[in-house]
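A short worksheet on the structure shown next.
Just so it is clear, none of the values below were taken in a lab; they were calculated from the coordinates. Keep in mind that what you see is a predicted model, and the values were worked out from it rather than measured. In this analysis, Cβ positions are derived from the backbone assuming ideal geometry, glycine residues included, and neighbour counts consider all displayed protein chains.
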Amino acid sequence: MNVRKATMVLATVATTAAVITSCSAVGSQNSATNDPHTRPVGNAASNVDKSTWPHATPTAGLAKGFSLPLEAYMETYQDTVTVDNAERHLETKCMADYGLHVTFPPAGQTPPTTADDSNMPRRYGITDRAMAEKYGYGLPDSLQHQEGTKMPKLDKAQIEVLTGRTGISNSPADPAPAMAPSTYQGKAIRKDGCAGWADDQLKTRNMDFSLVSKLDGDSLTQSQQTPAVRNVIAAWSKCMSSKGYTVDSPYDADQIVPHTDGAPSRQEIAVAVADIDCKKSTNLVKIWFTEDAKIQKQQITDHQSELNALRTRRTNAVNAAQKNLSN
C-alpha cells in the first residue's frame, strides 16, 4: 500500500494488471448498459465478506490497541478498497461509453494480514499467544493461500481503451507498451485511457505513500539501537535461553525450528509460545513500541507539511470515491 501510482506509465500498468487478474471481459461490441451481467461495483461491494479484513489496530495479543503516530498518515486497507472500487466503477462507466463492457469484481476479496504498512501485530515479532498456540509462526490458511478471481484477459480493444496503450507490461521494470491509436471506432481514446480518466476524477494520479513507508521503516531500524530496546531484547534472549532456546533477536526466533505452512510442529508451537511468554515477562512489546513512537513523533515534526499534504490528498480521494460509489 505504499505507492498508489508512482508515474503516469506505472499507473497504467498497475491498473491494467489489476484488471486482467480480477475482471471479466465480455464481448467488446455489445452495449454495457443493456447487458444484465454488467453491474456497478458499488452494488457488488456490499456482498464482500469483511470478516477477514484486518482491524485498524490489533484486537488481541501483546500489541492490542497499539497504534504508532505515523499510522495516521498511512493508506489503510479500508481506504484502498474504497478508492479501488470507485476506480473500477468509473472505469466500467467509461468503457461503456465506447460500447465495451467489462465487469469489475469488487475490491476487498483478498485482504492482507495487516491494515497498513506498520504491520503492528508482528512489528516486533509475533505477539498473539492464541495464534501462536494454533499456527506457530504461521498464519491461518485463509490468509496465506488466497485465490484471486480467475477471469479471462481483456481483448486488444479493451486494453487500448482502458489503458491508452497497446499492451501490458508484466512489471514496472518492463518498457511501457506503445501508445494506443487515438480513437476507437471514431471516438477519441482518453489520455491514459479510462484508467487514467478514473484516476483524474478521484485525483489519485501519482499519489505516493513512499515517504510514510520510508519513515516507518527508519523508525523501526533506529528504535532497535536505543538503549531501552537493546536492553529489553537482551532480557528477552536470556528468558528464551532459560527455556532452552538460544536466540539473540525476536526476528530470528522463527528460525529455531523449521516451519511448515498450515501444519506447525509441536516444537514450532513450543518456541512460538515461549517467544511470546518471554516478551510478556520482559514487557518487550510495550518498551519497543514506546521507543518507536518517540522516533516517529520527531519524524512527523520534521516532515509535518509533507505529511499533512499527503493526508489531505488521501482524505479527499476517499471522500471523492465514496461520492462516486453512491452515484
### Query
Out of residues 5 or more away from residue 165 or on other chains, whose amide H comes under 5 Å of its own, with H placed 1.01 Å from N in the peptide plane?
180
#### Entry: Taking the C-alpha atoms of segment 248-327, convex hull volume expressed per residue in Å³
177 Å³
#### Entry: Amide H contacts under 5 Å for residue 107, placed H, 5+ residues apart
85
## Note on the structure
Kirkwood-based Rg/Rh on the Cα set of segment 92-244 evaluates to 1.15
### Task
Using a cut-off of 15 Å between beta-carbons, work out the net charge of the residues near residue 281 (Lys and Arg +1, Asp and Glu -1, residue 281 not included).
+4
### Task
Tell me which residues come under 5 Å, amide H to amide H, from residue 209 once H is placed; ignore anything under 5 positions away on its chain.
3, 4
### Query
Computed over the Cα atoms of segment 58-144, what is the convex hull's projected area averaged over all directions, in nm²?
7.1 nm²
### segment 234-286, dipole about Cα centre (Lys/Arg Cβ +1, Asp/Glu Cβ -1), debye to the nearest 20
300 debye
### Query
What FRET efficiency would be calculated for the residue pair residue 55, residue 141, taking the C-beta separation as r and a Förster radius of 22 Å, to the nearest 0.05?
0.65
#### Entry: Links that overshoot a 18 Å alpha carbon limit, given the list 238/279; 156/203; 93/323
156/203
#### Entry: segment 186-265: mean projected area of Cα convex hull, nm²
10.7 nm²
#### Entry: Hydrodynamic radius of segment 182-327 per Kirkwood, over alpha carbon pairs, in Å
19.6 Å
